[in-house]
Amino acid sequence: MPEFEREGPLLRPQGYTLDEIPQAFAQAAAALRAQSTRRSTLYAGRSSRAASDTTTLSVVVHDWAIYPGLAFANNFGCDKLVLFDVIHATDLMHSASDGTVSLCRPESLRHEAIHLLYWASLGACFFLWRRCAPVGWLCLYTVFFVAWLCPFLSPLGPLDWGGRAFGPTGLRPWQEPNGEATASKAVTPYRCYPYFHALTLLADREGRRRALANVSLASALKRQPILYVFGEDKNAHWHTEAALDALRLTEGCSVVSVKGAGHWVYKQAPGPCFDAVERFILG
């Protein structure tokens with residue numbers, strides 16, 4: 001995600017909109033593709049394509065990077081697409097009996113309520129931080145303190161917190177990051193900008209239409225094989241059974257669920273994740 005890893009002064013304190021995030025992702029992908037020497041099978045025989053467009057590119061994304069990853073897959077295409085722990089299948093419902101496609105509904109009202117509360121809370125942290133930094137930080141501390149008191153309000157699982165609430169390391173903003181089990185960077189109000197900009201789409205019909213088109217799983221399934229890997233130990237998953245069925249019913253796609261892991265499944269269970277990705281990309 002743009003500037004998530006940046007140290008020092010921010011280039012865009014206002015964050016990046018859901019139109020700008022995929023653009024930044026596409027620029028990074030183009031730069032990596034220009035350095036590659038492996039030729040893609042997607043454009044075999046198309047001599048008119050530039051060399052930088054004909055090299056192999058597999059996209060591996062997690063969490064909020066799922067959004068620009070799917071946007072890139074839908075708008076440009078890639079050889080293989082690997083999604084970790086999040087699928088925004090807003091457009092899709094497969095019937096296992098007849099393969100029909102229709103609008104995807106939430107798996108449960110409880111999960112939907114947890115997701116909306118999570119997004120609104122973190123979006124508010126960024127909104128307040130932009131107007132008064134100390135208030136934004138206070139909001140962030142409050143959100144995580146409440147999540148500690150009431151863990152059922154958070155979509156994360158027990159492993160995702162990375163340690164005891166008041167231990168030296170963990171996911172919470174008052175702790176040093178536990179990069180072996182959770183995020184490698186500390187949570188800050190600025191890193192909540194995607195939630196804020198996503199929520200602004202509630203009042204922007206055209207922007208909402210573009211965003212939903214970007215994350216269309218139905219479209220992505222028609223363009224490239226997709227592997228979805230998720231940890232089972234979470235309070236609320238970011239996918240539906242309908243989305244999993246759609247992947248399982250599509251040739252070349254697969255789903256891998258990992259026990260004993262949560263949101264940061266590739267850190268909490270690296271062996272199964274690495275094996276699954278290696279088989280998918282190189283197989």
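The values are calculated or read from the model by the stated rules, or taken from the named source; none is laboratory data. Just so it is clear, the model here is predicted, and its values are computed rather than measured. Glycine gets a Cβ as well: all are built from the backbone with ideal geometry, and neighbour counts include every protein chain shown. Just the protein is used for accessible areas: all its heavy atoms, side chains included, with ligands, DNA and RNA removed. Shrake-Rupley method; radii C 1.70, N 1.55, O 1.52, S 1.80 Å.
Annotation: ALA203 fulfils all but one of (1) surrounded by 14 or more Cβ atoms within 10 Å (Cβ to Cβ); (2) under 24 Å from PRO2 (Cβ atoms); the unmet one is (1).
When SER219 is tested against (1) out of contact with any strand residue (DSSP E or B) (no Cβ under 9 Å at 6 or more places or on another chain); (2) surrounded by fewer than 17 Cβ atoms within 10 Å (Cβ to Cβ); (3) of a type outside the set (Phe, Trp, Tyr); (4) over 17 Å from ASP79 (Cα atoms), only condition (4) is not met. Taking the criterion of being farther than 16 Å from LEU156 by Cα and polar (S, T, N, Q), the residues of segment 219-239 that qualify are SER219, GLN224. Residues that are within 18 Å of PHE25 (Cα to Cα) and among the basic types (Lys, Arg) were ranked within segment 191-222; the one that is farthest from the chain's Cα centre (by Cα) is ARG210. The requirement of being of a type in the set (A, V, I, L, M) and modelled with pLDDT under 90 is not satisfied by LEU199. Among the residues of segment 171-187, is any open to solvent by 20 Å² or more (accessible area, probe 1.4 Å), in contact with a Ser or Thr (Cβ under 8 Å, 6 or more places away or on another chain), under 25 Å from GLY8 (Cα atoms) and in a loop (DSSP other than H, G, I, E, B)? Looking through segment 171-187, at least one residue is open to solvent by 20 Å² or more (accessible area, probe 1.4 Å), in contact with a Ser or Thr (Cβ under 8 Å, 6 or more places away or on another chain), under 25 Å from GLY8 (Cα atoms) and in a loop (DSSP other than H, G, I, E, B).
Out of everything in segment 21-42 that is out of contact with any helix residue (DSSP H, G or I) (no Cβ under 7 Å at 6 or more places or on another chain) and more than 30 Å from LEU212 (Cβ to Cβ), what residue ends up being modelled with the lowest pLDDT? Looking at the filtered set, the residue picked out is ARG39.
Residue-wise test of (1) under 30 Å from GLY15 (Cβ atoms); (2) open to solvent by 40 Å² or more (accessible area, probe 1.4 Å); (3) not hydrophobic (A, V, I, L, M, F, W, C).
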| site | (1), (2), (3) |
| --- | --- |
| ARG208 | yes, yes, yes |
| ARG223 | yes, yes, yes |
| THR240 | yes, no, yes |
| LEU249 | no, yes, no |
| LYS259 | no, yes, yes |
| GLY262 | yes, no, yes |
| ALA269 | no, no, no |
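In segment 1-30, the residue that is most open to solvent (accessible area, probe 1.4 Å) out of those that are in contact (Cβ under 8 Å) with a residue 60 or more places away in the chain and within 20 Å of ALA133 (Cβ to Cβ) is GLN14.
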